[in-house]
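To start, the structure under review is shown below, and the notes come after it.
The values are calculated or read from the model by the stated rules, or taken from the named source; none is laboratory data. Please read all numbers here as calculations on a predicted model, not as lab measurements. Methodologically, a virtual Cβ is constructed for each residue, glycine included, from the backbone with ideal geometry; neighbour enumeration extends over all protein chains shown.
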Amino acid sequence: MRILHRDLGFLMVGLCVIYAISGILLNHMGGSDPAYKVVKGSKTIAPGLTEKELTAEWAKESDLPAIKRILPSGDRPARILANGGTAQYHPATGELTYEFYIKRPFVYFINKLHYNQVKGWTFMADLFAVVLLFFALSGLVMVKGKKGLAGRGKWYLLAGLLIPLIYLFFV
(Lines give C-alpha, C1' and ligand atoms only; values in the text may rest on other atoms or scores of the structure.)
Protein backbone atom coordinates (compact mmCIF):
# COMPACT_ATOMS: atom_id res chain seq x y z
CA MET A 1 0.00 0.00 0.00
CA ARG A 2 2.88 2.37 0.78
CA ILE A 3 4.39 1.82 -2.67
CA LEU A 4 1.07 2.44 -4.42
CA HIS A 5 0.42 5.51 -2.25
CA ARG A 6 3.89 6.87 -3.08
CA ASP A 7 3.76 6.15 -6.82
CA LEU A 8 0.24 7.53 -7.26
CA GLY A 9 1.35 10.56 -5.26
CA PHE A 10 4.14 11.26 -7.75
CA LEU A 11 1.75 10.68 -10.65
CA MET A 12 -0.89 13.05 -9.26
CA VAL A 13 1.36 15.96 -8.25
CA GLY A 14 0.63 17.86 -11.48
CA LEU A 15 -3.12 17.51 -11.03
CA CYS A 16 -2.87 18.48 -7.36
CA VAL A 17 -0.97 21.66 -8.27
CA ILE A 18 -3.46 22.59 -11.02
CA TYR A 19 -6.52 21.98 -8.84
CA ALA A 20 -4.91 23.81 -5.91
CA ILE A 21 -3.97 26.90 -7.94
CA SER A 22 -7.33 27.12 -9.68
CA GLY A 23 -9.15 26.45 -6.40
CA ILE A 24 -7.34 29.30 -4.65
CA LEU A 25 -8.02 31.64 -7.58
CA LEU A 26 -11.70 30.67 -7.66
CA ASN A 27 -12.03 31.08 -3.88
CA HIS A 28 -10.74 34.65 -4.08
CA MET A 29 -12.45 35.94 -7.22
CA GLY A 30 -13.65 39.12 -5.54
CA GLY A 31 -16.48 39.56 -8.01
CA SER A 32 -14.37 39.10 -11.13
CA ASP A 33 -13.28 36.07 -13.10
CA PRO A 34 -9.57 35.36 -12.43
CA ALA A 35 -9.24 33.99 -15.96
CA TYR A 36 -9.47 37.55 -17.28
CA LYS A 37 -7.46 40.67 -16.60
CA VAL A 38 -9.68 43.75 -16.37
CA VAL A 39 -8.34 46.85 -18.08
CA LYS A 40 -10.17 50.06 -17.22
CA GLY A 41 -9.30 53.51 -18.39
CA SER A 42 -10.35 56.75 -19.93
CA LYS A 43 -9.08 59.08 -22.64
CA THR A 44 -10.10 62.45 -23.92
CA ILE A 45 -10.69 62.68 -27.63
CA ALA A 46 -12.43 65.31 -29.75
CA PRO A 47 -15.96 66.15 -28.59
CA GLY A 48 -19.04 65.95 -30.80
CA LEU A 49 -17.82 63.19 -33.13
CA THR A 50 -20.20 61.40 -35.46
CA GLU A 51 -20.29 57.61 -35.43
CA LYS A 52 -17.99 57.47 -38.45
CA GLU A 53 -15.54 59.99 -36.94
CA LEU A 54 -15.60 58.15 -33.62
CA THR A 55 -14.78 54.88 -35.39
CA ALA A 56 -11.84 56.54 -37.19
CA GLU A 57 -10.56 58.17 -33.98
CA TRP A 58 -10.90 54.86 -32.11
CA ALA A 59 -8.82 53.08 -34.78
CA LYS A 60 -5.95 55.53 -34.16
CA GLU A 61 -5.66 54.31 -30.56
CA SER A 62 -3.34 51.29 -30.65
CA ASP A 63 -4.27 50.01 -27.18
CA LEU A 64 -8.01 49.70 -27.89
CA PRO A 65 -9.55 46.57 -29.43
CA ALA A 66 -11.62 46.64 -32.60
CA ILE A 67 -15.14 48.07 -32.47
CA LYS A 68 -18.00 45.66 -33.10
CA ARG A 69 -20.80 48.18 -32.89
CA ILE A 70 -21.66 51.68 -31.69
CA LEU A 71 -25.01 52.24 -30.05
CA PRO A 72 -25.72 55.97 -30.33
CA SER A 73 -28.08 57.47 -27.79
CA GLY A 74 -28.69 61.07 -28.79
CA ASP A 75 -27.32 63.52 -26.23
CA ARG A 76 -26.39 60.79 -23.78
CA PRO A 77 -23.07 58.91 -23.98
CA ALA A 78 -22.76 56.53 -26.93
CA ARG A 79 -22.17 52.93 -25.91
CA ILE A 80 -19.40 51.18 -27.81
CA LEU A 81 -19.28 47.40 -28.05
CA ALA A 82 -15.75 46.22 -28.78
CA ASN A 83 -13.89 42.92 -28.84
CA GLY A 84 -13.60 41.92 -25.19
CA GLY A 85 -15.36 44.84 -23.58
CA THR A 86 -17.37 48.03 -23.72
CA ALA A 87 -16.80 51.77 -23.73
CA GLN A 88 -18.76 54.98 -23.49
CA TYR A 89 -18.16 58.12 -25.49
CA HIS A 90 -19.44 61.39 -24.02
CA PRO A 91 -19.99 63.66 -27.07
CA ALA A 92 -20.25 66.83 -24.97
CA THR A 93 -16.81 66.44 -23.37
CA GLY A 94 -14.98 63.99 -25.64
CA GLU A 95 -14.39 61.68 -22.67
CA LEU A 96 -14.00 58.02 -23.60
CA THR A 97 -14.22 55.50 -20.75
CA TYR A 98 -13.64 51.81 -21.32
CA GLU A 99 -13.44 48.42 -19.67
CA PHE A 100 -11.92 45.42 -21.42
CA TYR A 101 -11.20 41.84 -20.45
CA ILE A 102 -8.00 40.15 -21.56
CA LYS A 103 -7.95 36.38 -21.28
CA ARG A 104 -5.19 34.85 -19.15
CA PRO A 105 -4.73 31.61 -21.11
CA PHE A 106 -3.17 29.46 -18.37
CA VAL A 107 -5.64 30.49 -15.67
CA TYR A 108 -8.53 30.16 -18.12
CA PHE A 109 -7.45 26.61 -19.00
CA ILE A 110 -6.90 25.37 -15.45
CA ASN A 111 -10.24 26.84 -14.35
CA LYS A 112 -11.93 25.00 -17.21
CA LEU A 113 -10.24 21.80 -16.01
CA HIS A 114 -11.35 22.52 -12.43
CA TYR A 115 -14.96 23.00 -13.56
CA ASN A 116 -14.69 19.92 -15.80
CA GLN A 117 -15.53 21.95 -18.92
CA VAL A 118 -12.86 20.46 -21.18
CA LYS A 119 -14.14 17.76 -23.50
CA GLY A 120 -12.93 14.32 -22.44
CA TRP A 121 -11.68 15.53 -19.03
CA THR A 122 -14.36 13.70 -16.99
CA PHE A 123 -12.34 10.48 -16.94
CA MET A 124 -9.27 12.27 -15.53
CA ALA A 125 -11.37 14.22 -13.01
CA ASP A 126 -13.00 10.99 -11.81
CA LEU A 127 -9.65 9.20 -11.68
CA PHE A 128 -8.20 12.07 -9.64
CA ALA A 129 -11.17 11.94 -7.24
CA VAL A 130 -10.78 8.16 -6.78
CA VAL A 131 -7.03 8.53 -6.19
CA LEU A 132 -7.68 11.29 -3.61
CA LEU A 133 -10.11 8.95 -1.86
CA PHE A 134 -7.43 6.25 -1.91
CA PHE A 135 -4.88 8.70 -0.46
CA ALA A 136 -7.27 9.60 2.35
CA LEU A 137 -8.12 6.00 3.26
CA SER A 138 -4.63 4.53 2.81
CA GLY A 139 -3.14 7.42 4.77
CA LEU A 140 -5.37 6.49 7.72
CA VAL A 141 -3.72 3.11 8.14
CA MET A 142 -0.19 3.86 7.00
CA VAL A 143 1.14 5.08 10.36
CA LYS A 144 0.90 2.63 13.27
CA GLY A 145 0.98 3.08 17.02
CA LYS A 146 0.50 6.21 19.12
CA LYS A 147 1.09 8.54 16.13
CA GLY A 148 -1.37 6.64 13.92
CA LEU A 149 -5.12 6.18 13.88
CA ALA A 150 -5.14 4.31 17.19
CA GLY A 151 -3.31 7.20 18.90
CA ARG A 152 -3.47 10.93 18.19
CA GLY A 153 -4.55 10.32 14.59
CA LYS A 154 -8.12 9.62 15.71
CA TRP A 155 -8.36 13.15 17.14
CA TYR A 156 -7.15 14.74 13.91
CA LEU A 157 -9.57 12.54 11.98
CA LEU A 158 -12.43 13.62 14.25
CA ALA A 159 -11.47 17.30 13.88
CA GLY A 160 -11.28 16.91 10.11
CA LEU A 161 -14.76 15.41 10.04
CA LEU A 162 -16.22 18.01 12.42
CA ILE A 163 -14.99 21.10 10.54
CA PRO A 164 -17.35 20.68 7.54
CA LEU A 165 -20.19 19.60 9.83
CA ILE A 166 -19.79 22.75 11.95
CA TYR A 167 -19.97 24.85 8.78
CA LEU A 168 -23.00 22.90 7.60
CA PHE A 169 -25.00 23.48 10.78
CA PHE A 170 -23.76 26.82 12.12
CA VAL A 171 -22.61 28.97 9.23
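What number goes with the only condition from (1) assigned to a loop (DSSP other than H, G, I, E, B); (2) touching a Ser or Thr at 6+ places or on another chain (Cβ under 7 Å); (3) without any contact (Cβ under 8 Å) to a residue 12 or more places away in the chain that residue 47 does not pass?
(3)
Since residue 57 meets every condition but one in (1) without any contact (Cβ under 8 Å) to a residue 24 or more places away in the chain; (2) surrounded by 16 or more Cβ atoms within 10 Å (Cβ to Cβ); (3) under 22 Å from the mean Cα position of the chain (by Cα), which condition does it not meet?
Result: residue 57 fails condition (3) only.
Restricting the search to the range 140-163, which residues are of a type in the set (A, V, I, L, M) and touching a Leu at 6+ places or on another chain (Cβ under 8 Å)?
Once the filter is applied, which keeps residues that are of a type in the set (A, V, I, L, M) and touching a Leu at 6+ places or on another chain (Cβ under 8 Å), the range 140-163 yields 140, 141, 143, 149, 157.
Does residue 50 satisfy the criteria of being modelled with pLDDT of 90 or more and of a type in the set (S, T, N, Q)?
no
Any residue in the range 13-33 that's surrounded by 16 or more Cβ atoms within 10 Å (Cβ to Cβ): show its pairings with residues that are assigned to a helix (DSSP H, G or I) and of a type in the set (S, T, N, Q) at Cβ separation under 6 Å, as long as the two are six or more apart or on different chains.
22/111
Give me the pairs, please: first residue somewhere in the range 156-167 and at negative phi, second residue anywhere and small (Gly, Ala, Ser) and surrounded by 10 or more Cβ atoms within 10 Å (Cβ to Cβ), beta-carbon distance under 8 Å, and either six or more positions apart or on two chains.
none
Yes/no matrix, rows are residues, columns are (1) hydrophobic (A, V, I, L, M, F, W, C); (2) surrounded by 16 or more Cβ atoms within 10 Å (Cβ to Cβ); (3) over 30 Å from residue 19 (Cβ atoms); (4) touching a Cys at 6+ places or on another chain (Cβ under 9 Å):
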| position | (1), (2), (3), (4) |
| --- | --- |
| 91 | no, yes, yes, no |
| 106 | yes, no, no, no |
| 122 | no, no, no, no |
| 126 | no, no, no, no |
